[in-house]
Amino acid sequence: MYKSILKPLFFLKKPEDAHHFTFDLTKLTFNLPIAKSIVKASFQLDDPRLEREVFGLKFKNPVGLAAGFDKDAKLIDEMAMLGFGFIEIGTLTPKPQDGNPLPRLFRLPQDESLVNRMGFNNGGVLNAVERLKKRKSDVIVGGNIGKNKVTPNENAVDDYLICLDALHPYVDYFVVNVSSPNTPNLRDLQEKEPLKQLLQAVKTSNDQKEKPKPILLKIAPDLTDGQLDDIVEIVLETKIDGVIATNTTIDRSNLTTEASQVEAIGAGGVSGKVLAKRSTDVIRYLSTKSNKAFPIIGVGGIFSAEDAIEKLEAGASLVQVYSGMIYEGPGLIKKIKKGLLAYFSR
Ligand SMILES: Cc1cc2nc3c(=O)[nH]c(=O)nc-3n(C[C@H](O)[C@H](O)[C@H](O)COP(=O)(O)O)c2cc1C
């Protein structure tokens, strides 16, 4: 139904309008008691063979919602009902911010990809905390944290620590995001020394809490092998719990969409099918180089169970989806889980 009815309808709208429309429609649907049970019956698939224990957390299944879809924690209960094993909120910043001017989200249907330069539009970390307090589902929630655009990189650590403190009682794991291409100079924090300092500060603050939470680092797919070697070294040295690979790419070279159309869109990160191979290569590189010393969450271009299996075979312990859900619909989650069960029972 998604591909034949809803998707053509959504794709008539501007991408960001479609995103807001989806949120409204989802809220509306889940407010109808009958719809709730229909959704549950259609989308959920639980099986002990899908369960995973990773960085000390027990996941019902290894398929998560990637950061950026539900930045402000508005749809946690609804997304849990769609069958996700975990949901990552954010990227959240200390203060609310509007993000970049519209338009800032674009579809590339021929490449089954998206370009976005949202720029961490979010209602601020405290706003999300209020929503998290009210959530009903016990699904695992990750808090993806960043810095405000107006905060200079010299003070970035403070922003991450503010978010860590505010979210700490309400999320199950944290993601330090230094890999968005849409906040000026953010990715400079991926350089060896600033990154080490940032992770050490986050880790120290986390370790001082009554119940420390797993800390992960989310990286860009555009890092060189040398930079990936540094990432392995830093993860091991700072003793954080794992890596999310990858964020969107600034590389346009694999797109088949008309170059003039791509140029007209302008700056932003590319996600979706075109990212799949590079993110899998990054996962494989990190896993091999580190000798599987830390867990990796694989994300980038997962549109099917086969795509998810590729990420797991490359060394990921869990996977996340964003663009695949836009192109394939929410039924993708159950499809991936079914495919994984078939794969596990070969
Ligand atoms: C519109 C949009 C907004 C995103 N916002 C964030 C974000 O705020 N923080 C983040 O870490 N990743 C963000 N991402 C990146 C995704 O979490 C994911 O890493 C990337 O899209 C690759 O996965 P995909 O190919 O399944 O979409 C965003 C992606 C999209 C398409």
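If R0 equals 41 Å, the separation of the Cβ atoms of residue 204 and residue 306 corresponds to a calculated FRET efficiency of about 0.50. Length available on full extension from residue 42 to residue 233: 0.36 nm per residue minus the Cα-Cα distance, which gives 64.4 nm. Net charge dipole, segment 85-130: roughly 180 debye, given to the nearest 20, about the Cα centre with Cβ charges of +1 for Lys and Arg and -1 for Asp and Glu.
Full extension of the chain segment joining residue 28 with residue 14 gains 3.0 nm, where the gain is 0.36 nm per residue of separation less the Cα-Cα distance. For the chain, the per residue solvent-accessible surface stands at 44 Å², with DNA, RNA and ligands left out and a 1.4 Å probe.
Note on residue 77 and residue 263: their simple-model spin labels are 5.1 nm apart, each label 7 Å out from Cα toward Cβ.
Which pairs, out of 192/311; 71/209; 218/277; 149/273; 203/311, put more than 21 Å between their alpha-carbon atoms? Result: 192/311; 71/209; 149/273; 203/311 exceed 21 Å. Using a probe radius of 1.4 angstrom, the carbon and sulfur fraction of the accessible surface of the chain is 53%. When only the Cβ of Lys, Arg, Asp and Glu is charged (+1, +1, -1, -1), the dipole of the chain relative to its Cα centre reaches about 1100 debye. Applied to segment 137-153, the Karplus parametrisation 6.51 cos²θ - 1.76 cosθ + 1.60 on θ = phi - 60° returns per-residue 3J(HN,Hα) values of 6, 9, 4, 5, 10, x, x, 8, 10, x, 10, 5, 4, 6, 7, x, 4 Hz, with x for Gly and Pro. Panel values: the chain, Kirkwood radius from alpha carbon pairs, Stokes-Einstein at 20 °C and 1.002 mPa s, translational diffusion coefficient 106 µm²/s.
Ranking 1, 65, 181 by Cα position along the charge dipole of the chain, where only Lys, Arg, Asp and Glu carry charges on their C-beta atoms, puts 1 farthest toward the positive end.
List, in the order given, every pair from 3/335; 7/136; 40/334; 27/58 whose Cα-Cα distance in the structure shown is over 20 Å.
Values: 3/335 14 Å; 7/136 29 Å; 40/334 11 Å; 27/58 27 Å.
Those over the limit are 7/136; 27/58.
The trypsin sites (Lys or Arg not before Pro) of segment 210-258 meeting both criteria, a DSSP state outside H, G, I, E and B (loop) and at most 13 other C-beta atoms within 10 angstrom of the site's C-beta, are 239. Taking all protein chains together and rolling a 1.4 Å probe, residue 2 ends up with roughly 40 Å² accessible.
Is it possible to state the helix-based mean residue ellipticity at 222 nm for the chain, with each DSSP H run of 4+ residues giving -39500 (n - 2.57), the sum divided by total residues, to the nearest 500 deg cm²/dmol? What is it?
The helix-only estimate for the chain comes to -12500 deg cm²/dmol at 222 nm.
The values are calculated or read from the model by the stated rules, or taken from the named source; none is laboratory data. Note that the structure is a prediction, hence the values are computed from the model and not measured. Cβ: placed from backbone, ideal geometry, glycine included. Neighbour counts: every protein chain shown. Just so you know, the surface numbers come from the protein's heavy atoms only, side chains and all, with ligands and any DNA or RNA stripped out. Shrake-Rupley method; radii C 1.70, N 1.55, O 1.52, S 1.80 Å.
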